[in-house]
Amino acid sequence: MRKKVSLSIVTLAVIATLGACGTTKEKVDNVYGDSSSQKTNKEKDGVVETETNEKLKYDGYFKDIVTHDVDPRIETKLSYDTDYENTDWDNITFKVDHAKFVTVDHYKDTDGTPYKTLASLHYKLENEDSSDKHITPDTAELVMKDGEHVKAEIFMNVWDDEVLTSHKHKDGYMHFKVADEKKLEEIKAIDITFKAKDSEGNEVTHTYTVNMPIDAEK
């Protein structure tokens, strides 16, 4: 009897070891309490891309763009700690500390236009004493590793237009949508152009290039 028990324990240990090889599947726990989704991590050249079937609303970076009628499933996602900070524009500091990209099974805006790739940046915009006012994002592009520039539309319906008089700041999430499905690990950077009005009422613009680190968040 003791020999049979010992053999069973050894057999289970071998099975567990074999199961740990290759890609891994695990429960996805999130801030909304749903832990039913599965994810599979695939690593290529040091970058981990996650395949998952979780709903977009359960990802805190995208909850602002989910509606009652639009809540797609995430097919793949990729995250970066960016640690980006830029002070080139007229006493304004733009910071991005995290970027997340996802591909979804379907996403349609209010006009019914489908999108497959979405991005979310966690940012802070600080105005030390700029003369430029009414600052809003205007245009954006994904910069791919092969040099391609892909138009990314900004979700303006979640952007507060009353932004940045002197000595104020704004922070939160900035969202982008791309019509085509892109390989997330091939996204090298995002170019974001802001527009504003100067002290004489003329429109001015400034473009920030937020580069992605070499390694994605594990």
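When residues of segment 90-104 are filtered for being over 14 Å from the mean Cα position of the chain (by Cα) and at pLDDT 90 or above, how many remain? If you could, list the steps in order and put the result at the bottom.
Within segment 90-104, the first condition is being over 14 Å from the mean Cα position of the chain (by Cα), and the residues that meet it are 90-95.
With at pLDDT 90 or above added as a condition, the list becomes 93-95.
Result for segment 90-104: 3.
Going by what's in this entry, would Asp146 be described as modelled with pLDDT of 80 or more and not in a strand (DSSP E or B)?
On the way: modelled with pLDDT of 80 or more: yes; not in a strand (DSSP E or B): yes.
Answer is yes for this residue.
The values are calculated or read from the model by the stated rules, or taken from the named source; none is laboratory data. As the structure is a computational prediction, the values presented were derived from the model and not from experiment.
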